[in-house]
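Take a look at the structure below.
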Protein chains: 2
Amino acid sequence: MKTINSRKTIRKYTKRDVSESLLRALLEKAERTPTMGNLQLYSVIVTRKAEMKAKLAPAHFNQPMVEGASVVLTFCADFRRTTLWAENRNATPGYDNFLSFLNAATDSLLYCQTFCNLAEEEGLGTCFLGTTIYNSKAIIDALQLPRLVMPVATITLGWPDEDPTLSDRLPVDSIIHNETYNDYTPARIDAFYTPKEQLEENKHFVEINNKETLAQVFTDLRYTKEANEAMSKELLKTLEEQGFTKN
Amino acid sequence: MKTINSRKTIRKYTKRDVSESLLRALLEKAERTPTMGNLQLYSVIVTRKAEMKAKLAPAHFNQPMVEGASVVLTFCADFRRTTLWAENRNATPGYDNFLSFLNAATDSLLYCQTFCNLAEEEGLGTCFLGTTIYNSKAIIDALQLPRLVMPVATITLGWPDEDPTLSDRLPVDSIIHNETYNDYTPARIDAFYTPKEQLEENKHFVEINNKETLAQVFTDLRYTKEANEAMSKELLKTLEEQGFTKN
């Protein structure tokens, strides 16, 4: 995993396909990821057809990666397969609740990340689309996901056609807490965030958006309270429709 | 990542410590994992002290890995740091909702899995504890996690002192769906699950538990409807207490 040190999100891909055999091998290898009770509470929907990418694109705010990538992968929390297995084996499943959704989402996200680490080691480029849980209903409709299946992550995958600069990260001390949570004083916030705020690209970002601070770009434009709360309501409604909110 | 092919959960560790410098290097490398808007919505609580492991153990049903491992890592969905940053920068955050919890949980789980892939490449053994979301309130109390911080995964980490057999996995065709969801007929369920059901260890598992089928061991003993629904209620209550359910 030496590739991890220079890992970048790739949004532009060449026209070269990701072969079926490579994709399958990576999806199979990633199955070694730990999973709850060895139940593998996930499914992956593979999108290769242009018409299906076009159907998915609006759910991802028409970001060009969706139609530009060789493959789009939608990772789903899936308690349906396990539930059907139980029903076919004279057993009574009880996985239509919120805890079970979070169990399956966990399985699915861990699996997704191992897949990405493996794919990047092969030289493939990936882009993680956070939009999946913003517009989950549209994705469910496009991919015909039944009850007890909920999309939690989307990856666009292809051979890189760009080499962006490495993005910054917070100092590791900002995320480590020894023994108990070490709360963030204003002085610690300054120490951890000032280097990020002083990057030329971030200063530029603040300027072109007519904001005073980088944080305001996030709170006022990228991830606003109003949009979050509206999407949060939709997400809970969709979770209920998919059958995950008995409790 | 050649280690992935023989990846096993390790529950027994030697007395050798995981050094501070190695742990820190791995936590830092894992920061390359993709993250929402580059906000890094996670924190990691490092438990090394025996008294703290003893405090955490009951929340993990006293599984011996917790007190037997060199290090216990609790990965948390953390919107607190970002919220405090915003508040310190004249910005108005709106991340006390369910969508934001799932955003932060996603960041945290992806980060956790890259960390595990890296740690295993170094020869370390890990065990993922699903109990974290079963007893999150007890973990929050032990680790003193404030509002907008929620534990979502725990890893025990150490140098392996066992070499268990490789566990089985479902055939990759059972998790792949091309273009749209390919629902599971009884015939497909049989094809995918029969090899697992016929493993000697699983037959033995059914027998010692006096059950008719392997699925019944899961539904009647390991993950029952009653326990899931009770824990699901607790989980939602705890999410509310941590401030994540404004919507």
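The values are calculated or read from the model by the stated rules, or taken from the named source; none is laboratory data. Note that the coordinates shown come from a computational prediction; the quantities given were computed from them, not determined experimentally. With ideal geometry, Cβ positions are generated from the backbone for all residues, glycine too; neighbour counts draw on all protein chains shown. In case anyone asks, the SASA skips ligands and DNA or RNA and just uses the protein heavy atoms, side chains included. Shrake-Rupley method; radii C 1.70, N 1.55, O 1.52, S 1.80 Å.
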Find every distance from the label point of B:PHE205 to the corresponding label point in the other copies (7 Å from Cα along Cα→Cβ) and write them in nm, one decimal, shortest first. 4.5
At 1.4 Å probe size, what's the solvent-accessible area of A:ARG16? Round to the nearest 10 Å². 140
Mind checking how much accessible area A and B bury in total, 1.4 Å probe, in Å² rounded to 100? 10900
Over 5 Å intervals from 0, what percent of Cα-Cα pairs in chain B sits in each interval? 1, 6, 11, 13, 15, 16, 15, 12, 7, 3, 1, 0, 0
Check each of the trypsin sites (Lys or Arg not before Pro) in region B:47-96 and keep only those in coil by DSSP with at most 13 other C-beta atoms within 10 angstrom; list them in order. B:LYS49
Going from most exposed to least, what order do A:LEU236, B:LEU148 have by accessible area with a 1.4 Å probe? A:LEU236, B:LEU148
For region A:1-61, max minus min Cα coordinate along each principal axis, in Å, sorted largest first? 37, 29, 26
In degrees rounded to 10, the 0-90 angle between helix A:98-121 Cα long axis and the longest Cα principal axis of chain A is 70
Please sort by residue number the chymotrypsin sites (Phe, Trp or Tyr not before Pro) in region A:56-106 whose DSSP state is loop and whose Cβ has at most 14 other Cβ atoms within 10 Å. A:PHE61
Taking the protein assembly as shown and counting helices only, DSSP H stretches of n ≥ 4 at -39,500 (n - 2.57) each over all residues, the nearest-500 ellipticity at 222 nm comes to -12000 deg cm²/dmol
Quick check: at a probe of 1.4 Å, how many percent of the accessible area of chain A sits on carbon and sulfur atoms? 49
Sparsely packed GluC sites (Glu not before Pro) within region B:156-226, loop by DSSP, other Cβ within 10 Å at most 13: B:GLU162, B:GLU212
Given B:LYS15/B:LYS55; B:LYS2/B:LYS203; A:LYS2/A:LYS53, which pairs have Cα atoms separated by over 29 Å? B:LYS2/B:LYS203; A:LYS2/A:LYS53
By how many degrees, between 0 and 90 and to the nearest 10, does the Cα long axis of helix B:225-241 differ from the longest principal axis of chain B? 10
Can you check what the Kirkwood hydrodynamic radius comes to for region B:57-112, Cα pairs only, in Å to one decimal? 13.5
Expected field for B:SER21, accessible surface area in Å² at 1.4 Å probe radius, rounded to 10, holds 90
Where does region A:117-247 land on the Kirkwood hydrodynamic radius, alpha-carbon pairs, in angstrom? 18.6
Would you mind getting the Kirkwood hydrodynamic radius of the protein assembly as shown from its Cα pairs, rounded to one decimal in Å? 23.0
Under Stokes-Einstein, with the Kirkwood radius over Cα pairs standing in for Rh, what whole-number D in µm²/s applies to region A:22-140 at 10 °C and 1.306 mPa s? 102
